[in-house]
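Quick notes on the structure that follows.
Every number in this text was worked out from the coordinates using simple rules, so none of it is lab data. All values reported here derive from a predicted model rather than from experimental measurement. So basically every Cβ, Gly included, is an ideal-geometry build from the backbone, and we count neighbours across all protein chains shown.
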Amino acid sequence: MGATHSASEEVRELEGKTGFSSDQIEQLHRRFKHLSGDQPTIRNLRKGPSGLADEINFEDFLTIMSYFRPIDTTMDEERVQLCRKEKLRFLFHMYDSDSDGRITLEEYRNVVEELLSGNPHIEKESARSIADGAMMEAASVCVGRMEPDQVYEGITFDDFLKIWQGIDIETKMHVRFLNMETIALCH
Amino acid sequence: MDSAELAGKIVYTWLTLVLGFILLPSAFGLSLGISELYMKILVKTLEWATLRIEKGVSKESVLKSSASVGIIQRDESPMEKGLSGLRGRDFELSDVFYFSKKGLEAIVEDEVTQRFSSEELVSWNLLTRTNVNFQYISPKLTMVWVLGVIVRYCVLLPLRVTLAFIGISFLVIGTTLVGQLPESSLRNRLSELVHLTCCRICVRALSGTIHYHNKQYRPQKGGICVANHTSPIDVLILTTDGCYAMVGQVHGGLMGIIQRAMVKACPHVWFERSEMKDRHLVTKRLREHIADKKKLPILIFPEGTCINNTSVMMFKKGSFEIGGTIYPVAIKYNPQFGDAFWNSSKYNMVSYLLRMMTSWAIVCDVWYMPPVTREEGEDAVQFANRVKSAIAIQGGLTELPWDGGLKRAKVKDTFKEEQQKNYSKMIVGNGSLNSELD
């Protein structure tokens, strides 16, 4: 009795935190168990530099999923902005591998190389120049005209937000989670 | 009468009944109609149960029928479409969105890993093991379930175990005896008889109901029979209707005993584990076998591993390089009566067999299909895919290009690299740089 009581407490907590319904949480929990081999955490994630966890538990799993939920447009403007910021922050962290709050040129280059590395025709130089070009563009958006010897440190989170201002990320960064209840009742 | 005598009498009566009602008819290929009656009662009971469950579902306690519908609706748009939009052809920060979305979709639900676990049923079939969320619906249903448990574990299970025991011992003893005879047509006929009788007994041991379709296309001597693979029981199902030469690895334990016994009566092709790795050796031995038109058709499962009977995965091209005539066979189990899929990472052979013997029944359809041969200009891979599609369509299964070996192995890096290649082709073209830099 006690066990089930606390389990549903947890589910409610997760529901509140992430916005998934209890059915969806149960389904995702089953998937999590499958991926983790019935362990409480998923291990053996790619070992990266400090800042990357090497294991995640179900709550982290669910939190990451919730970043991809569509923004509920019926919410007020402030909440919509908050959701957007959360999504962009997630993305920012994907680029900023050492979590120092700035995407430096080096980190940017790493991401571009990672995405393009499969193609044997592309040399490292091309990947670099692409990254450099993109970085320049970002600089011009964020800082405006720079002095010739001014060095651009890196993209901060605020700069990142500035780049994305006005651009609709909604259509790009969401996964359509189905509402389990409506399906079941159709039978 | 004291208890020992009583026990003796019971066992004696039991064995006589079994002999009379099951073994003798099996030997002659007859059926007394008992299993048909059982199936009819079973079907009626399950229908009733389904109706009761549907009636009993209230607004709050929803039926978790998430079987074939997943939790997400995947975005199937290809890379070009997904990345286009506000961008030019150069690299954009937003490109990462597309990849992270695709990645997340794959993490939540992919079409391959779900094939390595049992299919979820649309409506409960009164077995605890298929009830993902046990919900108390009504006392009547619970009573029927309890009755079902009693019938399955106390009546059916002992019967089935007895039959299985008798069947396997008869097989081992029979084939050893027949193996003593000199090589002659009498010996072949006897070995066929022993084979078929034992298979029929074993099928009754699982309460199997098998429908064979298109028997005119049954595999002939000197050919190769290929089928989709769901469990070791596939072999039993096919051999009940004809004799085949098996191909496979030498196992230890119970399987090993059966294998060694079978080889004595008629030539099968068993390989040592180390020999399996040498593809040329395997191909050579199989070619020799089918060249001899008097030898039985070879039975091969090209998927290489057990899949859960909802889809057909990549057929390995090895079997299709041997030449000769291929006889495709599609096998489809009805999951409502019992789940035949062997999840070898979860259950070992013995617990799997116990699960089989405590299900309601094993019901399946077998479709024999017209023989095919490799066409001019078709290579082994294309041929394999052609046969795979035919089997998938006939059996009503989905077709997946993925390798069944992914059950245990990781995806090869070449797949990841291909995605990267596609992306970089979009950005940079084939080696020429496309952007204007200050």
Mind checking which lysines have their Cα closer than 26 Å to the Cα of residue B:140? Skip sequence neighbours fewer than 8 apart in that chain.
-> B:40, B:44, B:55, B:59, B:64
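Please report the relative contact order for region B:209-407, taking Cα pairs under 8 Å with a sequence separation of at least 6, and give it as a percent rounded to a whole number. Show your work: numbers first, answer last.
Details: 345 pairs, mean separation 64.5, N = 199.
Rounded, it is 32 percent for region B:209-407.
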Added length on full extension, which subtracts the Cα-Cα distance from 0.36 nm per residue, residue B:345 to residue B:382 = 10.2 nm
Cβ-placed point charges (K, R +1; D, E -1), dipole of region B:209-407 about Cα centre in debye, nearest 20 | 500
Please work out whether region B:214-332 counts as rounded, prolate or oblate from its C-alpha gyration tensor, where a ≥ b ≥ c are the square roots of the eigenvalues and a/c under 1.5 means rounded, while otherwise a/b larger than b/c means prolate and anything else oblate?
-> rounded
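Based on the alpha-carbon gyration tensor of region B:347-431 and its eigenvalue square roots a ≥ b ≥ c, which shape applies: rounded if a/c is under 1.5, prolate if not and a/b is larger than b/c, or oblate?
Values: a/c = 3.25, a/b = 1.57, b/c = 2.07.
Oblate, because a/c is 1.5 or more while a/b does not exceed b/c.
DSSP loop (so not H, G, I, E, B), at most 13 other Cβ within 10 Å: list which GluC sites (Glu not before Pro) in region B:227-295 pass both filters.
Working: sites: B:272, B:275, B:288; in loops: B:272.
Of the GluC sites (Glu not before Pro), the ones in loops of region B:227-295 whose Cβ has at most 13 other Cβ atoms within 10 Å are B:272.
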Members of A:124/B:421; A:33/A:172; B:346/B:416; B:102/B:317; B:221/B:277; A:33/B:410 lying beyond 25 Å, as alpha-carbon distances in this model show = A:33/A:172; B:346/B:416; B:102/B:317; B:221/B:277
Phi-based couplings in Hz for region B:331-345 (Karplus 6.51, -1.76, 1.60; Gly and Pro marked x) | 10, 10, 8, 9, x, 5, 9, x, 8, 8, 5, 9, 8, 5, 7
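First check a/c for region B:209-407, with a ≥ b ≥ c the square roots of the eigenvalues of its C-alpha gyration tensor; if it is under 1.5, answer rounded, and if not, answer prolate when a/b is larger than b/c or oblate otherwise.
On the way: a/c = 1.41, a/b = 1.16, b/c = 1.21.
It comes out rounded by the Cα gyration axes.
May I ask you to derive the FRET efficiency for residue B:411 and residue B:271 from their Cβ-Cβ distance with R0 = 25 Å, giving the value to the nearest 0.05?
Plugging the Cβ-Cβ distance into 1/(1 + (r/R0)^6) gives 0.35.
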Long-range amide H contacts for residue B:223: which residues qualify at under 5 Å (H placed 1.01 Å from N, peptide plane, sequence gap of 5 or more or a different chain)?
-> B:298
